[in-house]
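Peer 1: To start, I am sharing the structure in question, which I have written as structure tokens.
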Amino acid sequence: MKPFSAIQVKLLSLLADGKYHGGNGLGLQLNVSRTAIWKHLGHFLKLGLPIERHSKLGYRLNTSTILLNENTIRQHLSQAFNPLLQVHLFETIDSTNRFLKELPASPLVEVCCAEMQTQGRGRFGRQWHSPFGVNIYCSIRWRFNCDLSELSGLGLVVSLAVHATLIHCIGDQGIQIKWPNDLLWNGKKICGSLIEMIGENNGGVDVIIGIGLNVNQQSSSSIDTPWSSLVEMTGRCFDRNILVAELLKQLHQHLELFIAQGFRCFQPDWQKVDYLKGEMINITQPTKTLSGMAMGVNVMGQLLLLDDDNRLHCLSAGDTSLKKI
Ligand code: BTN
């Protein structure tokens, strides 16, 4: 993946202030020719960046955008956040999860965020729509010094950490979690996570936690599943750097507690936000689909499903949906 050049990054930050800029002025500020500016703009447009052109006024990004910035993220991490972080920021990348998967092992917590993803990955091989500059596409590589079998419920804890981030940053908006990984507002998806184990070594497990959170995107563009975003929920735009910092803090706190005590201590929190409990649902697994009533989760974070023959199933994975009546 070719990163943006220093000139391209500067050009983007000039365009991100919401005002129009003429080609001449941009060239002068960046000390390059107008033709070079056009070439970079053409490249941005080809990548799908939302650049608007006005015949008299020039160019701008279509909404005023605060771009991701490592210093701002670090400034908002309190001193209580003690893991050593390596932050990788990209204007564009295929997938932040893929990047961390291929990064050589290190003792640091590796974080990768991007302004856009060209091949964002969702669960069950689905694609994660990742337009430029509006949402959070963030992956974290975390090392757990335990056995893989002790990580049951991890996905739910990650979702609870995102939920706590949103409570902290935007207040209680009645967001719920659909087992195991989807955050929903009014039944519409605002966040999903993709957790990938990279393997066990030296008595530990490395895990990639990939989080996609819809922040400043308006839902005019169409995606198959109903979705929403923080801007639609609250009517205001957010600085994604502040959200990423809070997300890292909440993840750290949640994961430390999870390692020490397992999912059991998160069960009461889960009950408060459980979207499926008491509902008739379908759950699709690679080889079968089960249906029945969702009865909450057990101490390992498994979904309890009472089927039509009154048999109770404890399920560790699957894609859930409400049954249409
Ligand atoms: C889902 O709900 O299907 C999971 C979506 C996960 C998307 C995130 S965006 C950051 C990270 N990189 C990816 O390619 N996917 C995850």
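The values are calculated or read from the model by the stated rules, or taken from the named source; none is laboratory data. Everything quoted here is computed from the prediction, not taken from an experiment. Because the Cβ atoms are built from the backbone with ideal geometry, glycine has one as well, and the counts that use them run over all protein chains shown.
Peer 1: Inside the stretch 48-62, can you point out the residues that are in contact with a strand residue (DSSP E or B) (Cβ under 9 Å, 6 or more places away or on another chain) and loosely packed, with under 15 Cβ neighbours inside 10 Å?
Peer 2: Initially, the stretch 48-62 is screened for residues in contact with a strand residue (DSSP E or B) (Cβ under 9 Å, 6 or more places away or on another chain), giving 48-54, 57-62.
If the condition is that a residue be in contact with a strand residue (DSSP E or B) (Cβ under 9 Å, 6 or more places away or on another chain) and loosely packed, with under 15 Cβ neighbours inside 10 Å, then GLY48, GLU52, ARG53, HIS54, LEU57, ASN62 are the ones that fit.
Peer 1: Something else now. Quickly run through the stretch 299-313 and pick out the residues that are out of contact with any strand residue (DSSP E or B) (no Cβ under 6 Å at 6 or more places or on another chain) and either within 27 Å of ASP172 (Cβ to Cβ) or without any contact (Cβ under 8 Å) to a residue 12 or more places away in the chain (or both).
Peer 2: VAL299, GLY301, ASP309, ASN310, ARG311
Peer 1: Related question: Can you tell me which residue among LEU77, LEU49 is touching a residue at least 60 places away in the same chain (Cβ under 8 Å) and closer than 21 Å to GLY210 by Cβ?
Peer 2: None of the other options fit; the residue is LEU77.
Peer 1: On the basis of being among the aliphatic types (A, V, I, L, M) and either in contact with a Gly (Cβ under 9 Å, 6 or more places away or on another chain) or crowded, with 17+ Cβ neighbours inside 10 Å (or both), does VAL32 make the cut?
Peer 2: No.
Peer 1: Is it the case that some residue within the stretch 110-121 is more than 24 Å from ASP239 (Cα to Cα) and among the small types (Gly, Ala, Ser)?
Peer 2: Among the residues of the stretch 110-121, not one is more than 24 Å from ASP239 (Cα to Cα) and among the small types (Gly, Ala, Ser), which makes the answer no.
Peer 1: Considering each of THR92, THR65 in turn, give the residue that is hydroxyl-bearing (Ser, Thr, Tyr), more than 18 Å from ASP239 (Cβ to Cβ), crowded, with 17+ Cβ neighbours inside 10 Å and under 21 Å from the mean Cα position of the chain (by Cα). Write out each step before concluding.
Peer 2: Values: THR65 fails: more than 18 Å from ASP239 (Cβ to Cβ).
Every option except THR92 fails the conditions.
Peer 1: So GLY153 clears everything in (1) closer than 14 Å to TRP270 by Cβ; (2) within 15 Å of the ligand (Cβ to nearest atom) except one condition, right? Which one?
Peer 2: (2)
Peer 1: How about the stretch 116-126: which of its residues are farther than 25 Å from VAL205 by Cα, more than 9 Å from the ligand (Cβ to nearest atom) and surrounded by fewer than 17 Cβ atoms within 10 Å (Cβ to Cβ)?
Peer 2: Scanning the stretch 116-126 gives a single hit, THR118.
Peer 1: Determine which single condition GLN176 fails, assuming it passes every other condition in (1) within 30 Å of PRO50 (Cα to Cα); (2) within 16 Å of the ligand (Cβ to nearest atom).
Peer 2: With (1) within 30 Å of PRO50 (Cα to Cα); (2) within 16 Å of the ligand (Cβ to nearest atom) applied to GLN176, the lone miss is (1).
Peer 1: Something else: In the stretch 129-220, which strands (runs of 3 or more DSSP E) lie fully inside it and hold 2 or more residues that are surrounded by fewer than 16 Cβ atoms within 10 Å (Cβ to Cβ)?
Peer 2: 188-201
Peer 1: Would you please list the contacts, defined by Cβ atoms under 7 Å and residues six or more apart or on different chains, that run from a residue in the stretch 133-144 that is under 15 Å from ALA161 (Cβ atoms) to a residue that is part of a strand (DSSP E or B) and more than 10 Å from the ligand (Cβ to nearest atom)?
Peer 2: That search, which allows pairs on different chains as well, returns CYS138/VAL111; ILE140/VAL109; ILE140/VAL111; TRP142/VAL109; TRP142/VAL207; PHE144/GLY204; PHE144/VAL205; PHE144/VAL207.
Peer 1: Also, I was wondering about something else. Residues in the stretch 134-148: is at least one more than 17 Å from ASP206 (Cα to Cα), within 12 Å of the ligand (Cβ to nearest atom) and among the polar types (S, T, N, Q)?
Peer 2: Yes; the residues of the stretch 134-148 include at least one that is more than 17 Å from ASP206 (Cα to Cα), within 12 Å of the ligand (Cβ to nearest atom) and among the polar types (S, T, N, Q).
Peer 1: May I ask you to say which residue of SER291, SER316 is of a type in the set (S, T, N, Q), surrounded by 14 or more Cβ atoms within 10 Å (Cβ to Cβ) and in contact (Cβ under 8 Å) with a residue 24 or more places away in the chain?
Peer 2: Details: SER316 fails: surrounded by 14 or more Cβ atoms within 10 Å (Cβ to Cβ).
Selected residue: SER291, the only one of SER291, SER316 that is of a type in the set (S, T, N, Q), surrounded by 14 or more Cβ atoms within 10 Å (Cβ to Cβ) and in contact (Cβ under 8 Å) with a residue 24 or more places away in the chain.
Peer 1: Can you name every residue in the stretch 70-115 that is in contact with a Gly (Cβ under 7 Å, 6 or more places away or on another chain) and within 11 Å of the ligand (Cβ to nearest atom)? Give the steps one after another, and end with the answer.
Peer 2: Taking the stretch 70-115 as the starting set, the residues that turn out to be in contact with a Gly (Cβ under 7 Å, 6 or more places away or on another chain) are 95-97, 115.
Hits for the stretch 70-115 are SER95, THR96, ASN97.
Peer 1: Could you grab the pairs with beta carbons closer than 8 Å, sequence gap of 6+ or different chains, first residue in the stretch 192-218 and within 19 Å of SER316 (Cβ to Cβ), second one of a type in the set (Gly, Ala, Ser) and more than 13 Å from the ligand (Cβ to nearest atom)?
Peer 2: VAL205/GLY199
Peer 1: Could you count how many residues in the stretch 9-59 are modelled with pLDDT of 90 or more, under 17 Å from MET116 (Cα atoms) and among the polar types (S, T, N, Q)?
Peer 2: The qualifying residues number 0.
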